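The values are calculated or read from the model by the stated rules, or taken from the named source; none is laboratory data. Note that the structure is a prediction, hence the values are computed from the model and not measured. All Cβ positions, even for glycine, are placed from backbone atoms using ideal geometry, and neighbour counts span all protein chains on display. Please note that ligands, DNA and RNA were not included when accessible areas were found on the heavy atoms of the full protein model with its side chains. Shrake-Rupley method; radii C 1.70, N 1.55, O 1.52, S 1.80 Å.
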Amino acid sequence: MKLLLVAINAKYIHSNPAVYSLRAYAGEYGEQISLAEYTINQSIDVMLKGIFRRKPEVLCISCYIWNISIARELAEEVHRVLPDTKIWLGGPEVSYDAKQVLERNPQITGVMMGEGEETFLELVRHYADGAPGISEIRGIAWRGGDGLIRDNGFRGPVDLDTVPFIYQDLSGFENRILYYESSRGCPFSCSYCLSSIDRKLRFRSMELVKRELQFFLDHKVPQVKFVDRTFNCSHQRALEIWRYLTEHDNGVTNFHFEIAADLLNEEELELTASMRPGMIQLEIGVQSTNPEVVREIRRKMDFDRVARVVRRLSENHNVHLHLDLIAGLPLEDFASFGRSFDQVYALRPQQLQLGFLKVLKGAYMYEKAADYGCVYRQKEPYEVLFTRWISFEEILRLKQTEEMVEVYYNSGQFARTVEGVEKYFSSPFAFYDSLGAFCDRMGYLEISHTRVRRYEILEEF
């Protein structure tokens, strides 16, 4: 039996921990399982050629919001040139409407739903050894020989300590970001996020985590991104990991964490203040500073506390801070978003990400979209077009603002100039909104500009 796991990443520097984890979990069949990673910037022809020449009997494709259209097209073309190959899809983009995926794509044999390690191992056993029977495998929807679609239901969560460490061999990961998972699940219920579906918060044992972090440190890996949804939901655990990294710092490796800033306590703040500059970077999802919006999206956040913590983290200039906002949330109109922007901007993070609501299948926001008058793109990334509170024209203005923030703030190349110009406007948001409108009017948004030209445009504005 020859099985091929395929990942289609957004960029070359990314890797796909899911397919590596599946292969590692089914290690007893390692010789029969191979892996191929592509990017969305490569052509279908390149992917099709690579898969065809391997001639797998079973093909499994990892599906996400950034690659689902490519994955569907690829599966269709593979079926044409390898009609006997069994094609399986898995991942968040197909887990929550698996039956519909199979109805729309007759070339697909089945869909793995939710966490895949145990499901994948049983699927491999089915094809390699003939047992278990496909009807006995939990966590799949599949098309029977009679053409009827059956759903075996989701299976329970996996014990993280049974999932092997996927980076025993770093060859092939040169110049790429490594992703690390020390927990699964999320204690929060944010309505726009698929992580809120999995409330069964589970942790990898600290003994394993320390051993694996030491592997990264020993090999002087440039960057490790924790994919834990809220890294500091356990104070004791966050402190233990941060202390270990501080005590064993190699002077090179950077660790990225997604945290809830308002949960950080004094002990954690004192520890971060002692860290080497550049050792950690923290991503903080503010999303909105409007309390009514925060409540409506089922989020718990005290922005006053967030602001105090961010200012405290900024004092020592040793922690890179990345703050996020989401436009298009329920109850948030254009003026309210502008206030959220100004309040977060005032904290002067190294990166301010202005994102747009994505209505994801499986999330509570998907169920509530009609109630909110939320109209969104029917094709991925399912991004909001307008709601009862914000118009499409205003969304377009925010898109322009986003581009101006990326160019003139997040690049770090215009810091003094921008600081000087901002004071001529009623607020930072008014400045970026006006600059975006100017660039749109002049036709500058559709053109790639040099850094010098960016200065000239700002002077012209």
Next item on the list: Kindly indicate whether any position in segment 53-65 is at positive phi, over 17 Å from the mean Cα position of the chain (by Cα) and of a type outside the set (Ser, Thr, Tyr).
Entry: yes
Next item on the list: From the list 402, 460, pick out the single residue that is touching a strand residue (DSSP E or B) at 6+ places or on another chain (Cβ under 9 Å) and open to solvent by 50 Å² or more (accessible area, probe 1.4 Å).
Entry: 402
Notebook entry, point to check: Can residue 318 be described as within 20 Å of the chain's Cα centre (by Cα) and outside any strand (DSSP E or B)?
Noted result: no
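Can you say whether residue 419 is open to solvent by 30 Å² or more (accessible area, probe 1.4 Å), touching a strand residue (DSSP E or B) at 6+ places or on another chain (Cβ under 9 Å) and either on the phi < 0 side of the Ramachandran plot or modelled with pLDDT of 95 or more (or both), as far as the supplied structure shows? Step through it out loud before you land on a result.
On the way: open to solvent by 30 Å² or more (accessible area, probe 1.4 Å): yes; touching a strand residue (DSSP E or B) at 6+ places or on another chain (Cβ under 9 Å): no; either on the phi < 0 side of the Ramachandran plot or modelled with pLDDT of 95 or more (or both): yes.
Taking the combined requirement at face value, the residue does not satisfy it.
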Notebook entry, point to check: Do we have residue 163 as more than 16 Å from the chain's Cα centre (by Cα) and without any contact (Cβ under 8 Å) to a residue 40 or more places away in the chain here?
Noted result: no
Next item on the list: Tell me which residues, restricted to segment 169-183, are out of contact with any Asp or Glu (no Cβ under 6 Å at 6 or more places or on another chain) and either in a loop (DSSP other than H, G, I, E, B) or open to solvent by 30 Å² or more (accessible area, probe 1.4 Å) (or both).
Entry: 169, 170, 171, 172, 173, 174, 175, 176, 177, 179, 181
Next item on the list: Being in contact with a Phe, Trp or Tyr (Cβ under 9 Å, 6 or more places away or on another chain) and on the phi > 0 side of the Ramachandran plot is the filter; apply it to segment 329-377 and report the residue that is surrounded by the fewest Cβ atoms within 10 Å (Cβ to Cβ).
Entry: 373
Next item on the list: Out of the residues in segment 242-263 that are modelled with pLDDT of 95 or more and assigned to a loop (DSSP other than H, G, I, E, B), state the one that is surrounded by the most Cβ atoms within 10 Å (Cβ to Cβ).
Entry: 253
